[in-house]
Amino acid sequence: MTTAFVDGAQLMATALGAPGYGFAVIDHPIASATDSELARKAELTVTQAHQLLQPAVRRRP
Amino acid sequence: MITVLRPDYEQTAAPLSLTRRPLTLAGATIGIVSNGKANSRPFFDHLEELLRRHWHVADVVRRTKANYSAPAERELIDEAVRWAVMFAGVGD
Amino acid sequence: MPLTAETLAIGDDDHVQRVFLERGWTDGLPIVAPTPERVEAMLAGAWFGPDDLLGVEPVKARVLTAEKAAINAVMAGCLPADFPVVATAVTALCRPELLVHGATASTGGCAILLVVNGPIRQELAMSSAHSALAGADRASVCIGRAVRLVLRNLLDVRPGELDRSTLGHPGKLSWCVAEDEEGAHPWQPLAAERGVPDGVSAVTAFAASGPRQIMNEWTTDPVDVLTTVVAEIKSTMLHYSIWAGNYAVVFPPQLRAVFHGAGWSKADIRQFVYDHAVVHRSDWEAVGKAAVVSDTNRDRKYRALPSPDDLLVVAAGGEAGGFAAVIPPWLGPKSAAVTEPIGVCVDC
């Protein structure tokens, strides 16, 4: 989710029966971001995804 | 006193039951569902590379929704249930 | 059948205005307090029971009842005689092909345009004349507002919440137009072209961007007029969205006379626009969008319309003025205009 859509995503999660559903958040926008900015956003996504999937998932060192 | 009726939607959505989170992603299949908007492909290219390198997954499946303004089509959802984890996003 | 919405006991009308505003239930304008008596009278205006189902919005699976629609219609200032149009419009909102969730959540910021056909226009004293697209008469304003309040209160379409419109446009407050059927003869009404039998009233709902006004009152040649229309369509394809979908074009009497004088039907207009409203990807370079033009896609051709039938030709407007309106879609093919008959089932 980019930052500009967090509010809407939270409302839709509630509307669909999953209030408080966790998701990764990265800076808006995507369409005009440089490739290095996209790479950085992907790293942040993976880091947050790892945290969201804890404690069930263990990442191989 | 004036008695008035509420104009808003009063029902609460039934709670969604979530699937169990996987205990490990090593050897798993991960799905990425893009909305197809500008720059989504290179973003998810980076994401896929990171997932393969750090999570040691068996496969990363890439799909794109037919309509980024509508829920994913049924065929996509039916395929997604076979993935351990799915990445899908909203953002322009 | 009793009303089932929760009731609130509030001190006086001033308090009602404040409470409804604080709870996010209004568009900021004063509302008519939805008392049980007023809501029952509104339902009676269309012979609905409170729990009659108008439709289910498919994405959020929201069940839209006649009672809740009537409450919002009272708030909007509708009279009971307006309610058949409001209720039918709510049913139209729930048609999957309209994709009301996408249209109203989108950053694109469209509004739902309602076009009314049939005898109900005269019953409600709806005007198709001056200022046809913007508040021509009481019924149009109130019906459009009722639909906006339904979107707000029953589907949570509020700016900054599920409504992510970057800009929106003024049609979002209220946008309801009655077609000038009598003044457009021998043209067929929009609803009749879309399958509604003669003599049956209908509502067409269309997820629409803001209207673009064109002017060409210097000619009696329909090709000249439509060339101006096509130029506006091509402009919006390049400036806003290139994707094909429903467009609407509104013609007032002065321009309709040009078409009638040359024997052009609505079908002739649709074919001309389909044939000529075409741009190429490379055209984007001249309007600051070179970033998405490449050698592999520059020659790609884009039509405004998937088919000629995707142009909605509407007769409306004051008697003087060579102005027409081009109304683009929200976003190409993602939403399709839908037409619902009022009070009857046409394809049962």
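FYI, it's all coordinate maths here, none of it is from the lab. What you see is a predicted model, and the numbers here were worked out from it, not measured in a lab. Virtual Cβ from ideal backbone geometry, glycine too; neighbours counted across all protein chains shown.
Observations, loosely collected:
- Within segment A:15-47, restricting attention to residues that are polar (S, T, N, Q) and loosely packed, with under 15 Cβ neighbours inside 10 Å, the residue that is nearest to C:V157 (Cα to Cα) is A:S32.
- Qualifying residue in segment B:19-40 (condition: within 14 Å of chain C (Cβ to nearest Cβ), surrounded by 13 or more Cβ atoms within 10 Å (Cβ to Cβ) and more than 16 Å from B:V90 (Cα to Cα)): no
- Residue count, segment C:159-194 (criterion: of a type in the set (D, E, K, R), closer than 29 Å to C:V258 by Cβ and assigned to a helix (DSSP H, G or I)): 2
- Pick from segment C:120-174, criterion β-branched (V, I, T) and crowded, with 20+ Cβ neighbours inside 10 Å, ranking: nearest to C:T65 (Cα to Cα): C:V150
- Test: residue in segment C:279-288 that is closer than 26 Å to C:H185 by Cβ, touching a strand residue (DSSP E or B) at 6+ places or on another chain (Cβ under 8 Å) and touching a residue at least 24 places away in the same chain (Cβ under 8 Å): no
- Residues that are within 7 Å of chain B (Cβ to nearest Cβ) and out of contact with any helix residue (DSSP H, G or I) (no Cβ under 6 Å at 6 or more places or on another chain), drawn from segment C:6-19: C:E6, C:T7, C:L8, C:A9, C:G11, C:D12, C:D13, C:V16
- Residue under evaluation C:A66, criteria (1) surrounded by 24 or more Cβ atoms within 10 Å (Cβ to Cβ); (2) in contact (Cβ under 8 Å) with a residue 24 or more places away in the chain, criterion not met: (2)
- Taking segment C:20-46 as the range and being small (G, A, S), facing chain B (nearest Cβ under 9 Å) and farther than 20 Å from C:V157 by Cα as the test, only C:A33 passes.
- Spans of strands (runs of 3 or more DSSP E) in segment C:1-97 with at least 1 residues within 20 Å of the chain's Cα centre (by Cα): C:53-57, C:62-65
- Yes/no for C:V56 being of a type in the set (V, I, T), surrounded by fewer than 19 Cβ atoms within 10 Å (Cβ to Cβ) and either touching a residue at least 12 places away in the same chain (Cβ under 8 Å) or under 23 Å from B:T12 (Cβ atoms) (or both): yes
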